[in-house]
Amino acid sequence: MSLIATDSSEIDAYFEAGQTAEERIALAEKAIAAYGLTSLIYDFTTIKYSHDGELVTPSFLAMRNLPKDMVKIWCEEGFYQIDPVQQLAFRSHLPFVWSYRRDGKTPLNRILGETHEPVVDYLHDSGITCGLTVPVHLPNGECATVTGIRHGAGSDFEREITPHVANFTLFAHILHEKVYAILGEDARNARPVHLTPRERECVAYAAEGLSAKEISLKIDRSVPTVVMHLNAATRKLAATNRAQMIARAAHYRLIETGFSVI
């Protein structure tokens, strides 16, 4: 691939050299220097928000040339949920330049608050305060974000990165397509709440308005068994009644029809 490719077929062919998602992420890491960037983050989530409005930890997250503990801190210590760049990405359809610098004038600087302070402190300590993020919103509610970061960026970062925004956006969208195409089933089908196939089947019939007795006839199981499955789903979804359980199952795209359970 040339220094900065502007032809989508050239970028597509470049990523074909990678046989796995990780290999394609590695190829992307090698290419981002042409955009004046040093580090890369790619994340993919099947569900953006939990039913109570918190960001859902991504089912696939790759970070390159960033602190070794960053993935663990973001995924296991709740930093992902209070990451203002991620919050902004889920609300934006456009790429955006961001800066945690005190003198920054990016969209990010207008939303920073006390809740973001742990993230802000970590990134300042690590010298990774400026970057460019491209949100990729998918038709079924899934979302990926591709972020390029410059270590030790100065006050001229916003000016220097602006000419690269369009080309990096094209690069990011193709990277997502090439990674998504070979993501494992676990990542593509992940949900914050896990229901068994039988529980999902019962919930789907309940969503159609069927009673427990009617569902029992549909799945050839006893009424108490159906009630057990519905109660289990209600508990897992932290719902207080049948209607709330169905609403939350729909929110997490757990309702399916037209399938059989062995």
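The figures follow:
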{"quantity": "Residues that are touching a Pro at 6+ places or on another chain (Cβ under 9 Å) and of a type in the set (S, T, N, Q), drawn from the range 38-76", "calculated": "Thr45, Thr46, Ser50, Thr57"}
{"quantity": "Cβ pairs under 8 Å, 6+ apart, first in the range 61-81 and assigned to a strand (DSSP E or B), second among the charged types (D, E, K, R) and buried (at least 16 other Cβ atoms within 10 Å of the Cβ)", "calculated": "Leu61/Asp43; Ala62/Asp43; Arg64/Glu29"}
{"quantity": "Leu183 in the same structural domain as Ala233 (by TED's automatic domain parsing), of a type in the set (A, V, I, L, M, F, W, C) and either under 30 Å from Ala238 (Cα atoms) or crowded, with 20+ Cβ neighbours inside 10 Å (or both)", "calculated": "no"}
{"quantity": "Options Ser92, Ser126, Ser99; residue that is touching a Leu at 6+ places or on another chain (Cβ under 8 Å), among the hydroxyl-bearing types (Ser, Thr, Tyr) and surrounded by fewer than 17 Cβ atoms within 10 Å (Cβ to Cβ)", "calculated": "Ser126"}
{"quantity": "Boolean, Arg191 is under 21 Å from Ser50 (Cβ atoms), touching a residue at least 40 places away in the same chain (Cβ under 8 Å) and either surrounded by fewer than 16 Cβ atoms within 10 Å (Cβ to Cβ) or among the basic types (Lys, Arg) (or both)", "calculated": "yes"}
{"quantity": "Residue tally, condition among the small types (Gly, Ala, Ser), under 19 Å from Asn109 (Cβ atoms) and without any contact (Cβ under 8 Å) to a residue 24 or more places away in the chain, over the range 146-178", "calculated": "1"}
{"quantity": "In the range 87-112, the residues that are over 20 Å from Lys48 (Cβ atoms) and of a type outside the set (A, V, I, L, M)", "calculated": "Ser99, Tyr100, Arg101, Arg102, Asp103, Gly104, Lys105, Thr106, Asn109, Arg110"}
{"quantity": "Condition met for Phe79 (of a type in the set (Phe, Trp, Tyr) and either farther than 19 Å from Ala166 by Cα or within 15 Å of the chain's Cα centre (by Cα) (or both))", "calculated": "yes"}
{"quantity": "So Lys105, is it outside any strand (DSSP E or B), assigned by TED's automatic domain parsing to the domain that holds Val146 and modelled with pLDDT under 95", "calculated": "yes"}
{"quantity": "Scan of the range 121-148 for residues that are farther than 22 Å from Lys48 by Cα and hydrophobic (A, V, I, L, M, F, W, C), ordered by number", "calculated": "Leu123, Ile128, Cys130"}
{"quantity": "The range 204-239: number of residues that are more than 20 Å from Arg191 (Cα to Cα) and part of a loop (DSSP other than H, G, I, E, B)", "calculated": "7"}
{"quantity": "Residue within the range 201-211 that is in contact with a strand residue (DSSP E or B) (Cβ under 7 Å, 6 or more places away or on another chain), surrounded by 14 or more Cβ atoms within 10 Å (Cβ to Cβ) and hydroxyl-bearing (Ser, Thr, Tyr) present", "calculated": "no"}
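The values are calculated or read from the model by the stated rules, or taken from the named source; none is laboratory data. Here the structure is a predicted model, which means the values were calculated and not measured. In this analysis, Cβ positions are derived from the backbone assuming ideal geometry, glycine residues included, and neighbour counts consider all displayed protein chains.
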